[in-house]
């Protein structure tokens, strides 16, 4: 009985293998037939409609080239805008730092000049107070004009970007940029609170990506300034662009 069962099982397995093999052979033949028909059809298309294929290829090539040029142009524009932002902040920081250092130096000279003025008629180690006073005045003037030069000619900023800082320095000036001083040559504070506006001219970038930077300075007096600076960035639109460029310093 068991032998018959084994024979039956073997016969079923053999039939299944034969049937499966036949199905694979038929499927392979059908696939080969479809593949041959596809090859023939494409060859026929290439032979009979070569112009259409060439035109299609040309259109696709043009579209891809245009798309590539668009992305390259967009990347170049965004790079310019990133450089614009970096250079704007470098210049703005430089101007504010130089101005703060200038105020500190003028405060030091004010103390020194007032002391030397009161001691003009004395002699210290064989040197008269008058000579010391004149030397301090000369050194103060050198420091003042060095500040004007540094904010005009440097690697961070260009004119007219620095005009608001040049036309309204922290201390009063006369014609020619000479300091307007008291009788003891101490400098006079122009205002205790004022604002500088900074704008880098937006060339080669989108206007909406340009911006105006404002710095608000505040000092106590000409001797102990306790300088404070608050800054902010403002987005540029058509009208504010002009007001920022022409420098709203007060």
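Within the range 184-222, the set of residues being in contact with a helix residue (DSSP H, G or I) (Cβ under 8 Å, 6 or more places away or on another chain) and surrounded by fewer than 14 Cβ atoms within 10 Å (Cβ to Cβ) comprises 201, 204, 206, 207. The condition (being closer than 24 Å to residue 86 by Cβ and surrounded by 14 or more Cβ atoms within 10 Å (Cβ to Cβ)) is satisfied by just one residue among 181, 231: 231.
Scanning the range 80-102 turns up one or more residues that are farther than 29 Å from residue 235 by Cα and either at pLDDT below 85 or in contact with a helix residue (DSSP H, G or I) (Cβ under 8 Å, 6 or more places away or on another chain) (or both).
The set of residues in the range 110-159 that are surrounded by 13 or more Cβ atoms within 10 Å (Cβ to Cβ) and more than 21 Å from residue 187 (Cα to Cα) comprises 128, 152, 154, 156, 157, 158.
The values are calculated or read from the model by the stated rules, or taken from the named source; none is laboratory data. Keep in mind it's a predicted model, so treat the numbers as computed, not measured. Quick reminder, even Gly has a Cβ in these numbers, built from the backbone with ideal geometry, and neighbours come from all protein chains shown.
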